[in-house]
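Visitor: Have a look at the structure that comes next, please.
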Amino acid sequence: MPTQPIRVAHLMQYFLIGGLERMVERLCVAAKSRGVESLVIGYLEDGPVRESLEEHGIRTVMLDPGAGLRPELAWRLRSVLVRERIDVLHTHHLGPFLYGAAAAALARCPQVHTEHSHEFYDTTRRRLLGAAMSPLAEVVAVTPEVAEFRKRFPGKCQVIPNGVPLPPLDSSTRSAARASLGAGPDDLIIGCAARLSAEKDHAGLLDAFGLLLEREPRALLACAGQGPLGEALRAQAERAGLSPRVRWLGSLDDMTPFYSALDACVLTSVREGLPLSLLEAMSFGVPVVATEVGGVGELLGGGAGLLVPPKSKEALSNALSSLLRQPDLADDLGSRGRARVEQSYSIDRMVDRYVELYRRVLKPSRSLRGMESRLCG
């Protein structure tokens, strides 16, 4: 007899383009070939990731968006879980855990929860939620650093690192991708793919880029992403006279041309889990420079990239300059980074481990359902 499909519902806040949302999309698409039928539910803001999921045959639901604590969301989510006969609810981040735990209990559905960062445990209420996770769900951390942080709470926490596809190395698209950014043949393009929000510290990146231009006037900065600080950052670049050498690209549905155009990739976050943008750049063989926060130190350790302290424009400028001025160093770091992704952060490795987890948490639930059917029969 064919194996019964596992029906998994993912709950996240947004359908906007971001690392968490892209991770969920890739997990759902790749899990189809492993006998998993996915449904993705958002409740704060719609966005382009929803359309991309639908194009890949992944069904989506957008609950009525609204700000603030909304207890009725748990009941509405429970209705979706029951109607769709969901086997496992998979939540991402604190808010979805809160609503998901209540809905999963009401629907008698096992819950898996992924913690993408520990930096959001900044209030008593959020720390209480963190402590409640393990008794209510199978908790997954995307980095050992997040798992280590969670040792202050009861229960177990396993680590499943984020994964990305390993694209073929194709130089044929590079010239066209660079031309689309208005870059000349001698320009050196530094890329940053991140939401334009405070924790990514684009303001510090612009300061460091200004210092870099004094030594390397061929440098060009391309920023992919959008967010609440977009206007302020554009104004900062204009005041500093950087605008002619900065490209603000907004959200990109297809990141392949972006990474194909780069000479280096940078991320200046002050807090992180395991950033997908670095994994993606490394998978393309692009050398990376990033602040040593969250899981970034482990990701780039051992020569897979250059690490700098957060909020240090001098250190960041020096690291970028060393990459741009030493092609052999850049090539070596790019090769090491791609090898690191292939060995430890592949999409197949991530998906296989999640599917194994779904099957494990589902086994007691299906056994109980079968027993109830026999008793009722």
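The values are calculated or read from the model by the stated rules, or taken from the named source; none is laboratory data. It should be emphasised that the depicted structure is a prediction, and the values quoted were computed from it without experimental measurement. FYI the Cβ positions are ideal-geometry reconstructions off the backbone, even for glycines, and counts take in every protein chain you see. In case anyone asks, the SASA skips ligands and DNA or RNA and just uses the protein heavy atoms, side chains included. Shrake-Rupley method; radii C 1.70, N 1.55, O 1.52, S 1.80 Å.
Visitor: Using only the Cα atoms of the chain, what do you get for the radius of gyration and for Dmax, in Å?
Guide: Gyration radius and largest Cα-Cα distance of the chain: 21.7, 80 Å.
Visitor: If you don't mind, there's one more thing I want to ask. If I model a spin label at LEU169 and ARG85 as a point 7 Å from the Cα along the Cα→Cβ vector, what separation in nanometres do I get?
Guide: 4.8 nm
Visitor: Sort the following peptides by mean Cβ neighbour count (other Cβ atoms within 10 Å, averaged over residues), highest first: 24-30, 181-187. Show your work: numbers first, answer last.
Guide: Working: 24-30: 21.6, 181-187: 12.1.
Taking the mean over residues of other Cβ atoms within 10 Å, the ranking is 24-30, 181-187.
Visitor: With the cut-off at 1.5 for a/c, could you classify segment 1-159 from its C-alpha gyration tensor as rounded, prolate or oblate?
Guide: Rounded, because the longest to shortest axis ratio a/c is under 1.5.
Visitor: What does the charge count near TRP75 come to, summing +1 for each Lys or Arg and -1 for each Asp or Glu among other residues with Cβ under 14 Å from its Cβ?
Guide: +2
Visitor: Turning to a different aspect of this structure: Once you put a point 7 Å from the Cα of SER134 and another 7 Å from the Cα of THR256, both along the Cβ direction, what distance in nm separates them?
Guide: 4.4 nm
Visitor: What's the FRET efficiency of ASP348 with GLN158 using the Cβ-Cβ distance as r and R₀ = 22 Å, to the nearest 0.05?
Guide: Efficiency at R0 = 22 Å is approximately 0.75.
Visitor: Measure off, as a whole percent, the carbon and sulfur share of the 1.4 Å-probe accessible area of the chain, all protein chains present. Before the final figure, lay out the partial values.
Guide: Values: 8830 of 16770 Å².
That share works out to 53 percent.
Visitor: Counting alpha carbon pairs within less than 8 Å and at least 6 residues apart, what relative contact order, in whole percent, applies to segment 163-245? Mind dumping the intermediate values first?
Guide: Numbers: 65 pairs, mean separation 27.7, N = 83.
33 percent.
Visitor: Near the amide H of VAL288, under 5 Å away, which other amide H atoms are found, from residues 5 or more places off or on another chain, if H is placed in the peptide plane?
Guide: Amide H neighbours of VAL288, under 5 Å, 5+ apart: CYS265, LEU306.
Visitor: A further question on this structure: Keeping all protein chains in place, calculate the accessible area per residue for the chain (probe 1.4 angstrom), answer in Å².
Guide: Per residue, the chain has 44 Å² of solvent-accessible surface.
Visitor: Can you give the calculated 222 nm mean residue ellipticity of the chain, where each DSSP H run of n ≥ 4 adds -39,500 (n - 2.57) and the sum is split over every residue, rounded to the nearest 500 deg cm²/dmol?
Guide: Values: 15 runs with 177 residues, N = 377.
After summing the helix terms and dividing by residue count, I get -14500 deg cm²/dmol.
Visitor: Would you please put 346-352, 170-176 in order of how densely packed they are, using the mean number of other Cβ atoms within 10 angstrom per residue and starting with the highest?
Guide: 346-352, 170-176
Visitor: Any idea how far the Cα center of segment 5-38 sits from the one of segment 205-230, in Å?
Guide: Each part reduced to its Cα centre gives a spacing of 33 Å.
Visitor: Counting only the backbone N, which residues of segment 192-207 are under 11 Å from the spot 7 Å out from the Cα of ASP122 toward its beta-carbon?
Guide: Residues passing the 11 Å test: 198-200.
Visitor: Taking the Cβ of ARG59 as the center, what net charge do the other residues with Cβ under 9 Å away carry, scoring Lys and Arg +1 and Asp and Glu -1? Mind showing how you got there, number by number?
Guide: Values: positive: none; negative: GLU37, GLU54, GLU84.
After counting each charged neighbour, the total is -3.
Visitor: Hey, with R₀ at 22 Å, roughly what FRET efficiency would LEU211 and TRP248 work out to, going by the Cβ-Cβ distance, to 0.05?
Guide: So, using R0 = 22 Å, E works out to roughly 0.65.
Visitor: So what's the net charge close to GLY184: Lys and Arg +1, Asp and Glu -1, counting the other residues with Cβ under 9 Å from its Cβ?
Guide: Here the charged neighbours net out to 0.
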